[in-house]
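I have placed the structure first, in the form of structure tokens, so that the comments after it can refer back to it.
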Amino acid sequence: MLPTPPVALPRAPDGVLVTTSAKLPPPLRHFQPGDRAVAAAPARLHILFPPDGARIELRATDNKLDPVPLKVTAAVVPLTVLVNGVPARDQPRGSLFFQPAGPGFARVTVIDASGAADSVVVRVEDAASARSTVQAAAATCPVTPCGHPQPILP
């Protein structure tokens, strides 16, 4: 019995990059299957503070809202900070802050020079609403005789 003749492959789909390895960007030149690819991947930009979902009390000095500090890790400088999609003012070297517009929710995005990005959504509260939130939580949380909150177990 004779083997069947080879059949040509169909045309590549639109958008497929057809090139040599030398012309590929460095991350695409080598294939690393499975966990090796994850282990070899460099650390990526991550916003450490404020954490996603945090409630931040809005403070003011001389009738001007105080900026909120940001802490990021694994970032390549320079950094761009967006608050609700709008670029924040230039940052002093070595410091990273965002200026909340007022009470409400804010999406804070940090983009580094390599194009890596991370976003968090925080709730910015004025002092009065922050106090009422703490008082409401205290009313539902049992307290020990020494004044320390007891853990609420399920």
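The values are calculated or read from the model by the stated rules, or taken from the named source; none is laboratory data. Keep in mind that this is a model prediction, so the values were computed, not measured. Cβ: placed from backbone, ideal geometry, glycine included. Neighbour counts: every protein chain shown.
Quick grid of which residues meet (1) out of contact with any His (no Cβ under 6 Å at 6 or more places or on another chain); (2) over 24 Å from T109 (Cβ atoms); (3) part of a loop (DSSP other than H, G, I, E, B); (4) modelled with pLDDT under 80:
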position	(1), (2), (3), (4)
V7	yes, yes, yes, no
P27	yes, no, no, yes
R36	yes, yes, no, yes
D52	yes, no, yes, no
If the Cβ limit is 9 Å and pairs must be 6+ apart or interchain, which residue in region 62-80 that is under 14 Å from V110 (Cβ atoms) pairs with which residue that is outside any loop (DSSP other than H, G, I, E, B) and of a type outside the set (A, V, I, L, M, F, W, C)? V72/H46; V72/D118; T73/H46; A74/H46; A75/H46; A75/D118; T80/P87; T80/T109
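Could you say which residue among R131, R93, R123, R89 is of a type in the set (D, E, K, R), in a strand (DSSP E or B) and either at pLDDT below 90 or over 16 Å from H46 (Cβ atoms) (or both)?
Details: R131 fails: in a strand (DSSP E or B); R93 fails: in a strand (DSSP E or B); R89 fails: in a strand (DSSP E or B).
Just a single option satisfies the conditions, and that option is R123.
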For region 80-105, how many residues meet the condition of being closer than 15 Å to V122 by Cβ, in contact with a strand residue (DSSP E or B) (Cβ under 7 Å, 6 or more places away or on another chain) and surrounded by 11 or more Cβ atoms within 10 Å (Cβ to Cβ)? 12
Just one of (1) part of a loop (DSSP other than H, G, I, E, B); (2) surrounded by fewer than 17 Cβ atoms within 10 Å (Cβ to Cβ) trips up A75, so point out which. (2)
